[in-house]
Amino acid sequence: MRLEGELYPLALASPSGALAGLGLGFDYDKTLRLNVVASDPNGGGASVTVPGKQSHYSIGARYRLVFGATETSPSVTLGVGYGKRLFSTPIPQMATDTERNAVRRDTPETSYTIIDPGLMFRLPVTRMVQFTLGGRGLVVTDAGPIVKSTSYGRAKVYGGEATAAVDIVFGSHVALRFSGEFVQIGYKFLGGTNTLANSLDGDPMHQDVGGLADRSIGGSATLAVLY
């Protein structure tokens, strides 16, 4: 489930004023149902399937620059926001230490606190077709449980997001949007005694995991009604 939008209230009072492009942007999404699978850490071949919770939100300032005054004028939107990306599993509710250890290793919990400067470029080809390309840097100020000593331990964390879309208008009131999204947050673990990054092989002095990538790829088709 996803909700997103941009509001430019100052443009209502003065559409051509310098502050008309100043606004507020937001987006929110939540996974309604998610099951994750973790393998047996002892190599027995069994696996554990548990429900997961996943959500994301961001809210921040926008400034939109329009180059021209026609329906096909391109525009650039600059922005920066604050947000959270959350993923968790019910580890305390699991019956055995084997299950808890498997899920803690294969599906570590994250709670990202993010500052996301971004840029969005809109290019109308005709009054009926336009393309949108954009990206955001994901400055992770805290990654949550995964970087604690009870999980994989301290890490350098960085990320980015890229989006692309095409809008096609049919008649005067109906439009279709096809969009794609790529998000990746990367880790470089710094090691630490008794963390999962160091002790997967039973030797707490040897680093077993140098890093990982938390990656999401998605797409959507949207029907719009114009008024």
Q: For the chain, find the longest principal axis of its Cα atoms and tell me its angle to the long axis of helix 97-106, 0 to 90°, nearest 10.
A: 40 degrees
Q: Using label points projected 7 Å from each Cα along Cα→Cβ, tell me how many nm separate Ile115 and His206, to one decimal.
A: 4.0 nm
Q) Residue separation times 0.36 nm, minus the C-alpha to C-alpha distance between Arg215 and Met128: what's the value? A) 28.0 nm
Q | Test item: Cα-centred dipole of the chain, Lys/Arg +1 and Asp/Glu -1 on Cβ, debye | A | 440 debye
Q) With +1 on each Lys and Arg Cβ and -1 on each Asp and Glu Cβ, how big is the dipole of region 93-182 about its Cα centre, in debye rounded to the nearest 20? A) 200 debye
**Q.** Cβ charges +1 (Lys, Arg) and -1 (Asp, Glu), total dipole of region 137-197, debye
**A.** 340 debye
Q) Which three semi-axes in whole Å describe the equivalent ellipsoid of region 1-152, each the square root of 5 times a Cα gyration tensor eigenvalue, listed largest first? A) 44, 16, 12
Q: Collect residues whose amide H, placed 1.01 Å from N in the peptide plane, falls under 5 Å from the amide H of Lys148; neighbours closer than 5 in sequence don't count.
A: Gly153
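What pairs from Lys53/Lys84; Lys84/Lys188; Lys148/Lys188; Lys30/Lys84 go past 18 Å between their alpha carbons?
In this structure, Lys84/Lys188 lie more than 18 Å apart at Cα.
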Q: State, to one decimal in nm, how far the label point of Asp97 lies from the label point of Gln184, with both points 7 Å from Cα in the Cβ direction.
A: 3.7 nm
Q: Positive end of the charge dipole of region 1-126 (Lys, Arg +1 and Asp, Glu -1 on Cβ, about the Cα centre): tell me which of Leu34, Gly21, Ser88 has its Cα farthest that way.
A: Gly21
Q. How long, wide and thick is region 68-227, going by the Cα atoms along their three principal axes, in whole angstroms, largest first?
A. 65, 31, 22
Q. Looking at region 1-84, which chymotrypsin sites (Phe, Trp or Tyr not before Pro) are DSSP coil and have at most 13 other C-beta atoms within 10 Å of their C-beta?
A. Phe67
Q: Enumerate by residue number the trypsin sites (Lys or Arg not before Pro) in region 121-171 meeting two conditions: DSSP loop (anything except H, G, I, E, B), and at most 10 other Cβ atoms within 10 Å of the site's Cβ.
A: Arg127
**Q.** Highest average packing first - 206-217, 98-109, Cβ atoms within 10 Å
**A.** 98-109, 206-217
Q | In sequence order, calculated HN-Hα J values of region 137-147 (Karplus, 6.51, -1.76, 1.60; Hz; x Gly/Pro) | A | x, 10, 8, 8, 8, 7, 9, x, x, 5, 9
Q: Determine the calculated [θ] at 222 nm for the chain from helices alone, applying -39500 (n - 2.57) to every DSSP H run no shorter than 4 residues and normalising by the residue count; nearest 500 deg cm²/dmol.
A: -2000 deg cm²/dmol
(Q) Between region 99-147 and region 177-216, how far is it from one alpha carbon centroid to the other, in angstrom? (A) 16 Å
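Laboratory data are not the source of any read-out in this text; all were calculated from the coordinates shown. These figures come from a predicted structure and were not determined experimentally. All Cβ positions, glycine included, derive from the backbone under ideal geometry; neighbour counts span all protein chains shown.
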